[in-house]
1. Regarding the stretch B:304-318, can at least one residue be identified that is away from chain A (no Cβ under 14 Å), part of a strand (DSSP E or B), without any contact (Cβ under 8 Å) to a residue 40 or more places away in the chain and surrounded by fewer than 19 Cβ atoms within 10 Å (Cβ to Cβ)?
2. Could you tell me whether any residue of the stretch A:53-72 is under 18 Å from residue A:341 (Cα atoms) and either part of a strand (DSSP E or B) or in the same structural domain as residue A:334 (by TED's automatic domain parsing) (or both)?
3. Do we find that residue B:119 is away from every other protein chain (no Cβ under 14 Å), modelled with pLDDT under 95 and either over 30 Å from residue A:245 (Cα atoms) or in contact with a strand residue (DSSP E or B) (Cβ under 9 Å, 6 or more places away or on another chain) (or both) in this structure?
4. Check B:266, B:249, B:279, B:255 and return the single one that is within 14 Å of another protein chain (Cβ to nearest Cβ) and within 16 Å of the chain's Cα centre (by Cα).
5. Quick check on the stretch A:201-233: of everything there that is farther than 19 Å from residue A:170 by Cβ and within 11 Å of chain B (Cβ to nearest Cβ), which residue is nearest to the chain's Cα centre (by Cα)?
6. Name the single residue that is surrounded by the most Cβ atoms within 10 Å (Cβ to Cβ) among those in the stretch B:79-100 being in contact with a helix residue (DSSP H, G or I) (Cβ under 7 Å, 6 or more places away or on another chain) and either under 11 Å from residue B:117 (Cα atoms) or modelled with pLDDT under 95 (or both).
7. Quick check on the stretch B:295-303. Is at least one of its residues within 15 Å of residue B:139 (Cβ to Cβ), in a loop (DSSP other than H, G, I, E, B), away from every other protein chain (no Cβ under 14 Å) and touching a helix residue (DSSP H, G or I) at 6+ places or on another chain (Cβ under 7 Å)?
8. What residue, of B:217, B:151, B:176, is out of contact with any strand residue (DSSP E or B) (no Cβ under 7 Å at 6 or more places or on another chain), surrounded by fewer than 24 Cβ atoms within 10 Å (Cβ to Cβ) and at pLDDT 95 or above?
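The values are calculated or read from the model by the stated rules, or taken from the named source; none is laboratory data. Just so you know, these numbers come straight off a predicted model, no measurement behind them. Virtual Cβ from ideal backbone geometry, glycine too; neighbours counted across all protein chains shown.
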């Protein structure tokens, strides 16, 4: 094997990560690893870039749901890969697996409980990126948190921020399928058009042109019942003001707060008391056991019948991964961000 | 009947209410009401002053869980009263009832579903104020929200703000009885002494002398699992930083935010996502059906066996009610604030 290009984690960023300073691609020549018992060597095909990864770029001392990235090592991500060498009988050469791989072309993978074979991968009518997107972690995130925390009822109104993103676009379509009125916010007119014309949201607005407060006042005159929170800050503040009694906030992420030393101060949490709101954070692993089977059946069927759309933003080649990641944190991605490393 | 002194609601306050400007006592001479069918005339004995009432001092247009007070009318409160005239066979003359009465000496009471007779009142070994305190709304608030939202487990740690108040002092003793480590904050050394020496908290601190952040760092080195929220602002921010994964916040009240035009901005809600926290608001009526019977049995027994203490701050006479209310909003009360209007 001639070489392996990896994206290495260099230093903890305090604001937006900078390519070359906090992460950078590095090529190892003459990459000829010797596998230990239980390990496989993967040729990585596609991997997922997700906002939660910004939370792993931190001092290892700070508590969070996922382990911090280690300085000097490749970053890692959920990906789809082909096994090209194997010392593990569970994953023979030629298997297509879903696993935590490095941001790199080839990974030596230990025997992890998160690895599984995708039996249908070579004949799949769905692109391989589906397995790290709409049928992967972001998909289950949307499905399970909407059911478990959102407790949606037909006739209710849901507001979704970052609505054209990995989680938001599916959450909106599921809510719509379950009889809710769906309002979304996104950061460009193009994304708003996509939400209205292709995804089927009832209402959508560009938060860079119009405050969430003004938009919700007009678009949700009877208030909202569920807020699917992906961004935090002013949008959360507006949602708190517009939620109805017994409203639920699905605290999936707060991307506006990830890359700043000056977090936004939320001044109206008193709404939680006066309107009996529930705000709940989660990680997708909390829901895996209870929801995975239903999610897989429901969403796969909707996809195959083309009853849902799911836009993916593909960065081409491993060298494009660092800029794609920083771009996603800036909202430059349009749809679920992945890195297409190689073809099957 | 010679006269009836009532406390009248005069105007909406934007910061702390001012006696004479927003509320004031007023005496009606020659008070001789003629009852309609279904009404009773009460001689009010004791009534409750609670922080939630500040939320009723608002424009009627703003949504909240309880109806706004009406300008020009007497304020109202949960109280214990004697029926002295009756046109309602459910409440004969001489009955001692628990009801929403005016802040006044005598009230003409319509037939409300919230009125009930206290059969044991005349022989009770407990003071009548118990029925609007430890055995009334504040007591049920502490008991039910701790169980339903707090989901306490023996061995966990709870932090309670406004811990010597109407709800806090009972919440702490229940948590202690259920096997938790209990930490409280209060606004004077005298209150802290009470919590440590009489109530049996494991730790307590004076938030005016020491930040909640510094205190929790020392007193809860392994973090807290439940935060019983009564005050909001900086204390909430500190609690968010010190909560453990899957921590729960019982959003009972945020008194620091009731009397200001400049609410505090909470900058670390990201903890909700990264530590999978739940924050939930409620009103006691949400819990009545499910918890009242258990609450009454458990807490009454603990009281009669003197296994719990419950400090009450009594303002004497109706004329003292306005200042007592404003004092309570300033934290001047020591224990559950009531107004003792008359003796039985």
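1. yes
2. Just the residues of the stretch A:53-72 that are under 18 Å from residue A:341 (Cα atoms), to begin with: none.
Within the stretch A:53-72, none of the residues are under 18 Å from residue A:341 (Cα atoms) and either part of a strand (DSSP E or B) or in the same structural domain as residue A:334 (by TED's automatic domain parsing) (or both).
3. Values: away from every other protein chain (no Cβ under 14 Å): yes; modelled with pLDDT under 95: yes; either over 30 Å from residue A:245 (Cα atoms) or in contact with a strand residue (DSSP E or B) (Cβ under 9 Å, 6 or more places away or on another chain) (or both): yes.
Considered against the rule, which asks whether it is away from every other protein chain (no Cβ under 14 Å), modelled with pLDDT under 95 and either over 30 Å from residue A:245 (Cα atoms) or in contact with a strand residue (DSSP E or B) (Cβ under 9 Å, 6 or more places away or on another chain) (or both), residue B:119 comes out as yes.
4. On inspection, the qualifying residue turns out to be B:255.
5. Here the answer is A:232.
6. Of everything passing the filter in the stretch B:79-100, B:80 is surrounded by the most Cβ atoms within 10 Å (Cβ to Cβ).
7. Here is the first cut: in the stretch B:295-303, the residues within 15 Å of residue B:139 (Cβ to Cβ) are B:295-303.
When the remaining residues are screened for being in a loop (DSSP other than H, G, I, E, B), the result is none.
No - not one qualifying residue is present in the stretch B:295-303.
8. Only one candidate qualifies: B:217.
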